[in-house]
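The values are calculated or read from the model by the stated rules, or taken from the named source; none is laboratory data. The model shown is predicted, which means the values in this text are computed figures rather than measured ones. Neighbour counts run over all protein chains shown; Cβ positions are idealised from the backbone, glycine included. Calculation scope for accessible area: heavy atoms of the full protein, side chains included, ligands and nucleic acids excluded. Shrake-Rupley method; radii C 1.70, N 1.55, O 1.52, S 1.80 Å.
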Amino acid sequence: MSPFPAHLLSMDDLDAEDIAEVLRVADSFVEVGRRANPKVPTLRGRTVATLFFEDSTRTRMSFETAAKRMSADVLSFAAGSSSVKKGESLRDTIETIEAIGIDSVIIRHGSSGVPAQVARWVDHCSVINAGDGWHQHPTQALLDLYTVRQAFGGGDVGLARFEGLQVVIVGDIRHSRVARSQITAYAALGAQVTLVAPATLLPPSLEGWPVVTVTHDLDKVLPKADVVSLLRVQAERGSGEFVPTLREYTAGYGLTVRRAAALHPDAVILHPGPIVRGVEIASEVAELPAALITEQVSNGVAIRMAVLFLLLGQVPVGGAHRV
Ligand code: CP
């Protein structure tokens, strides 16, 4: 088995074996999370910094919880109150952070490619992409896989179910780093991915993407779906201009109560959050047992613990960074 990558920048960095390894390691951390004191000493002496240049609730809190549960010291960088406001460049910010002695930088940025650029600048820090522009959000895809595997039996049984699994991803694919990460992840495990969106919310080209089916007819694909993964219309990336009205969007692409009734009994519904009730998902549907939205958030902590462990936990404190 090849060593785990030095940084986690994209789902393209991970093959099926790496993914299986992350999910297996996450199983141990799910068990840790159930303990009365859900803390292990694995990253004692390590320092992890979260650098979020874009808003976040789940990803930031999840990474910070994961690092603290592993006994790492956690620094939370807020761009709005940092020297970035005085004109300090990203490169100088990163050099400053590395000089302080940080072991891992978890970065979210509105521009695609920033985490990869940061990875080229650092000498000994591991860089984790917590979402960059429209590009990638790899830990979101990993926690989605974990949640689906858990729903279909967990362990190797659940993993085997991905072969031929019918995954339907609905919504704003064009602007979605989550969709790009999910498609690569599901394809790596042999799932069949169908994208459902209005033409305006699809990317101009799917060249270079894994093989996917594309349709505009959600009603037609729902009865065969094993997994329905919904995406938000991302107003902060201008998506609102790509649909006539949100009401029309919901009429064509929202998972309404009527549409949810067409799903087969074992199908599961995912959403990376934040959800916009009444737009991409009806409030009643979000509360169904098949909707695993809170399970995704819970599993995110264990997945991020696993990623931190695989990047940092196997290198001695003060040891050389693997490249
Ligand atoms: N799913 C997700 O990335 O949520 P946040 O924007 O709240 O981190």
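Rounded to the nearest 0.05, what FRET efficiency is calculated for GLU287 and ALA78 with R0 set to 41 Å and r the Cβ-Cβ distance?
Calculated transfer efficiency: 0.75.
Go ahead and set up a Gaussian network model of the chain, Cα springs under 10 Å, then flag whichever of GLN117, GLN166, GLN136 fluctuates most.
For the chain, modelled as a Gaussian network with Cα springs under 10 Å, the answer is GLN117.
Can you give the FRET efficiency for ARG258 and ASP27, using 1/(1 + (r/R0)^6), R0 = 35 Å, r = Cβ-Cβ distance, to the nearest 0.05?
Once rounded, the FRET efficiency stands at 0.40.
Rank ILE128, ILE293, ILE100 by mean-square fluctuation in a GNM of the chain with C-alpha springs under 10 angstrom and give only the top-ranked residue.
Most flexible of the set in this elastic network: ILE100.
If the chain between ASP92 and LYS39 were fully stretched, how many nm would it gain, using 0.36 nm times the residue separation less the Cα-Cα distance?
Between ASP92 and LYS39, full extension yields 15.7 nm more.
Which of LEU165, LEU23, LEU143 ends up with the largest GNM mean-square fluctuation for the chain, with Cα atoms connected below 10 Å?
Largest GNM mean-square fluctuation: LEU165.
Over the stretch 138-293, what percent of the accessible surface lies on carbon and sulfur atoms, probe 1.4 Å?
56
In debye, nearest 20: dipole of the chain around its Cα centre with unit charges on the Cβ of K, R (+) and D, E (-)?
The calculation lands at about 640 debye.
So with the 1.4 Å probe, I'd like the accessible area per residue for the chain, rounded to whole Å².
That works out to 43 Å² per residue.
Near LYS68, which lysines are there with a Cα under 17 Å away, not counting those fewer than 8 places off in the same chain?
The qualifying lysines are LYS39.
For ALA251 and LEU206, what does the FRET efficiency come to when R0 = 30 Å and r is the distance between their Cβ atoms, rounded to the nearest 0.05?
0.75
Once phi is turned into ³J(HN,Hα) by the Karplus curve 6.51 cos²θ - 1.76 cosθ + 1.60 with θ = phi - 60°, what whole-Hz value does each residue of the stretch 208-215 show in order, with x for glycine and proline?
Going residue by residue, I get x, 7, x, 5, 9, 9, 10, 8 Hz, with x marking Gly and Pro.
For ILE281, list long-range residues whose amide hydrogen, built 1.01 Å from N in the peptide plane, is under 5 Å from its own amide hydrogen.
Result for ILE281 returns LEU255, VAL276.
Using θ = phi - 60° and the Karplus relation 6.51 cos²θ - 1.76 cosθ + 1.60, list the HN-Hα couplings for the stretch 17-27 in order, rounded to whole Hz, with x at every Gly or Pro.
The phi angles translate into 5, 4, 4, 4, 5, 4, 5, 5, 5, 4, 3 Hz.
Could you derive backbone 3J(HN,Hα) for the stretch 38-54 from the dihedral phi with the Karplus parameters 6.51, -1.76 and 1.60 (θ = phi - 60°), listing whole Hz in sequence and x where the residue is Gly or Pro?
Computed from phi, the couplings for the stretch 38-54 are x, 10, 10, x, 3, 10, 4, x, 9, 10, 10, 10, 9, 10, 10, 8, 10 Hz.
Quick check on packing: order 149-157, 9-17, 268-276 by the mean number of other C-beta atoms within 10 Å, highest mean leading.
The peptides rank, most packed first, as 268-276, 9-17, 149-157.
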